[in-house]
Amino acid sequence: MSKNRVQIFDTTLRDGEQVPGCKLNTEQKLVIAKRLDLLGVDVIEAGFPISSPGDFTSVEEISKLVKNAIVCGLTRAHKKDIEVAAQALKYAKRPRIHTGIGTSESHIKYKFNSTQDKIIERAFEATAYAKKFVEDVEFYAEDAGRTDNEYLARVLEKVIKAGATVLNIPDTTGYCLPDEYGAKIKYLKENVKGIDNVIISCHCHNDLGLATANAIAGIQNGARQIECTINGIGERAGNTALEEVVMIMKQHPYLNLDTNINTKLLYDTSLLVQRSMGMIVQPNKAVIGENAFAHSSGIHQDGVIKNRETYEIMNPEDVGVTESSIVLTARSGRAALAYRAKNVGYDLTKIQLDDIYPQFLKFADFHKEVNDSDIHHLMELNHIHKTNIHI
């Protein structure tokens, strides 16, 4: 893989599906998995096979379906988990087992009632065991964000020796600041023997709204895989949003980083996940929200009408949105009214526009938004006829 290529690891069907109310059946998972493969993700984390018979079946069926992406199954550091995952992945063209254990002081003391040395031993054994079933083994150090760097380096050196091909450095609680997370990746790059032979992966949660920023800081410091979900869906406040990190790299070419994602499919993929999971994103969601390319301020509307790049850093077509939208409200100016009127067939003169604009403002003050039928009504009241017909 090129050193400038960032792999996109999608966990919508595993971490995303753990959200209360977002449970999917196998058929729904297959539809989304097929779309993710078409979208160009490098890895599809299809589920946690040992967690339930339904999850096992979903991972198995996705393994049969996916043509291009690596199909991944999650496990704990238990032999039975690993055996079940290997069985579920047996049909995959490119299988990966994702195993690991918590490494922070909190996890070692309270979750496992163990010691640092015993956790290292368990990490090594789980990785080595997974390696007996598949060549591609990813190790996650749960709560790595709050794990001491020196100890984390010791853990990772051990699992590299056991055969790990990918090292997942999760900010499990979404606590890290971007400079802290970036510095952690940099420290590992510089202090873990053999790390240049594996891929470092960022798995960031959004509890403080920093998941995307942390993931970008990670790849700026040497990570080459981002674990993310469509719409940023995931436990608690969610995960890194796939559409956000992909478009950040696309819109900042000086980063010299690229992905295999067909960005023109982002919007439709977002809608598919929203419909399937019943989790509708907020209108102001970055990149794919309903308002991401909508303008209602008169100053902004005038600028966008004259030149889209005045207020838009992305071309809506690049993410699969047909065009920017000019939303008519009481904050809209004459330029926006003339633009929307022309779109529905009325090429207003300056005199007509000056006459109708005060009426438009009065109407708009009583309505949140002025739609096309409202425009037709205003034109009829002023005896203005269509100058062109749209078929």
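So which residues in the stretch 53-95 are among the polar types (S, T, N, Q) and open to solvent by less than 30 Å² (accessible area, probe 1.4 Å), if there are any at all? Spell out the reasoning first.
Residues of the stretch 53-95 among the polar types (S, T, N, Q): 57-58, 63, 68, 75, 87.
The answer is 58, 63, 75.
Need pairs with beta-carbon distance below 6 Å; first residue under 30 Å from residue 133 (Cβ atoms) and within the stretch 164-177, second buried (at least 24 other Cβ atoms within 10 Å of the Cβ) and hydrophobic (A, V, I, L, M, F, W, C); sequence gap 6+ or separate chains.
Hits for this filter: 164/137; 164/139; 165/137; 167/139; 167/156; 169/144; 170/144; 171/204.
Condition check: hydrophobic (A, V, I, L, M, F, W, C), in contact with a Ser or Thr (Cβ under 6 Å, 6 or more places away or on another chain) and either farther than 22 Å from residue 223 by Cα or assigned to a strand (DSSP E or B) (or both). Does residue 85 satisfy that?
For residue 85, the condition - hydrophobic (A, V, I, L, M, F, W, C), in contact with a Ser or Thr (Cβ under 6 Å, 6 or more places away or on another chain) and either farther than 22 Å from residue 223 by Cα or assigned to a strand (DSSP E or B) (or both) - is met.
Contact list please: Cβ distance under 7 Å, first residue in the stretch 282-298 and without any contact (Cβ under 8 Å) to a residue 24 or more places away in the chain, second residue open to solvent by less than 50 Å² (accessible area, probe 1.4 Å) and outside any strand (DSSP E or B), pairs at least six apart or on different chains.
282/289; 283/289; 289/281
Condition (residue is closer than 28 Å to residue 280 by Cβ, of a type outside the set (Gly, Ala, Ser) and out of contact with any helix residue (DSSP H, G or I) (no Cβ under 7 Å at 6 or more places or on another chain)) applied to the stretch 146-160: is it met by at least one residue?
no
Pick from the stretch 3-49 the residues that are over 17 Å from residue 73 (Cα atoms) and touching a helix residue (DSSP H, G or I) at 6+ places or on another chain (Cβ under 6 Å): which of them is surrounded by the most Cβ atoms within 10 Å (Cβ to Cβ)?
Looking at residues that are over 17 Å from residue 73 (Cα atoms) and touching a helix residue (DSSP H, G or I) at 6+ places or on another chain (Cβ under 6 Å), I get 6.
Where in the stretch 96-211 are there helices (runs of 4 or more DSSP H), lying wholly inside it, with at least 1 residues that are within 25 Å of the chain's Cα centre (by Cα) and surrounded by fewer than 18 Cβ atoms within 10 Å (Cβ to Cβ)?
Ranges flagged: 178-191.
Within the stretch 192-234, how many residues turn out to be in contact with a Lys or Arg (Cβ under 7 Å, 6 or more places away or on another chain) and among the acidic types (Asp, Glu)?
Looking only at that region, the number is 1.
Can you work out which of the residues in the stretch 298-329 that are farther than 13 Å from residue 340 by Cα and of a type in the set (S, T, N, Q) is most open to solvent (accessible area, probe 1.4 Å)?
Out of the qualifying residues, it is 322.
Go through (1) more than 21 Å from residue 306 (Cβ to Cβ); (2) open to solvent by less than 100 Å² (accessible area, probe 1.4 Å); (3) within 38 Å of the chain's Cα centre (by Cα) and name the single condition residue 337 misses.
Tallying (1) more than 21 Å from residue 306 (Cβ to Cβ); (2) open to solvent by less than 100 Å² (accessible area, probe 1.4 Å); (3) within 38 Å of the chain's Cα centre (by Cα), residue 337 fails exactly one: (1).
The values are calculated or read from the model by the stated rules, or taken from the named source; none is laboratory data. Only a predicted model underlies this, so the values are computations on that prediction, with no experimental measurement involved. FYI the Cβ positions are ideal-geometry reconstructions off the backbone, even for glycines, and counts take in every protein chain you see. Protein only, heavy atoms only, side chains kept; ligands, DNA and RNA dropped before computing areas. Shrake-Rupley method; radii C 1.70, N 1.55, O 1.52, S 1.80 Å.
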